[in-house]
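Okay, so here's the structure we're looking at.
Each reported figure results from applying straightforward, stated rules to the coordinates on display, with no laboratory input. Bear in mind the structure is a predicted one, so any value in this text is a computation, not a measurement. Methodologically, a virtual Cβ is constructed for each residue, glycine included, from the backbone with ideal geometry; neighbour enumeration extends over all protein chains shown.
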Amino acid sequence: MTLLNSQVREQVRNLLRGMEHPVKLLLFTQGEGGAIECDFCTETRQLAEEVTSLSDKLSLEIRDFVRDKALADALKVDKIPALLLQSNGQHPQDHGIRFFGIPSGYEFGTLIEDILMVSRGKAELSLATMQRLAHLDRPVHIQVFVTPTCPYCPRAVLLAHKLALASNWITADMVEVSEFPHLANRYHVYGVPRTVINEVIHIEGAVPEETLITKLMLVMDDQVMEELKRSWRRNQF
């Protein structure tokens, strides 16, 4: 049984005709080869297979989270299912774009938009944002917590993924909260979307680009970050 009906498949196929360069979907799962897969790994693999079948510019690589631990660690994959989008042209490149949990519901649209964005190699951010990103000199980890039924979440995820595409310093994750409830508890996710930057900068809702980049650039202020870390540690107890 397919996850995408014929109408959706045709819509996605038409959208993917807008791809300019090849894109690879890299899926980390567990239990390949006949064993029982992790929760939602089976559905995520099937979804990735169905999407990649709709364009000859898409490919899928499946890796085992345990057997390929070294690669998972190098790509900052610490949970599954994990779906990464990478350029797959003459110079393959990982852009720090991750989906942790199945990109279903509203987030399926984000996946398709991300594929098109990576294939074009352009994040479509404002000049002011690009100028501020040019000053980054340290790693930034963005986590956007979502649910499949949240209509505002895709905007937050897509913006985070645009920033990851625009800067090699940034890794941006979509995290589906029902699949990773321990993270929802850790980061006090009581509503979605909730964006967490470098563990301690928290943003509620789908905020405008200018607001997100202003919050993100706080990572460059060591004093502010230390104060936020102290506050975050206090709130863990």
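What are the radius of gyration and Dmax of region 1-122, computed over its Cα atoms and given in Å?
Using the Cα atoms of region 1-122, the pair Rg, Dmax is 13.9, 40 Å.
If you take the alpha carbon radius of gyration of the chain and divide it by 2.2 N^0.38 Å, what ratio comes out, to two decimals?
1.00
Pull up the cross-link candidates among the lysines for Lys162, meaning alpha carbon to alpha carbon under 19 Å and not fewer than 8 places away within one chain.
Of all the lysines, those that pass the test against Lys162 - Cα under 19 Å, at least 8 places apart if same chain - are Lys24, Lys76, Lys122, Lys215.
DSSP beta bridges in region 70-218, what fraction antiparallel, as a percent rounded to 5?
55
What are the ³J(HN,Hα) values, in whole Hz, obtained from phi via the Karplus relation 6.51 cos²θ - 1.76 cosθ + 1.60 with θ = phi - 60°, for each residue of region 219-228 in sequence order, with x given for Gly and Pro?
Going residue by residue, I get 4, 7, 9, 4, 5, 4, 5, 5, 5, 5 Hz, with x marking Gly and Pro.
What does the charge dipole of region 128-204 about its Cα centre add up to, to the nearest 20 debye, if the Cβ of each Lys and Arg holds +1 and the Cβ of each Asp and Glu holds -1?
Dipole size: approximately 200 debye.
Can you list residues whose amide H is under 5 Å from Arg63's amide H, if they're 5+ apart or on another chain and H is modeled 1.01 Å from N?
Residues meeting the amide H criterion: Leu27, Phe28, Thr29.
Report, please, the projected area of region 123-237 averaged over directions, based on the convex hull of its C-alpha atoms, in nm².
That works out to 7.0 nm², a quarter of the Cα hull's surface.
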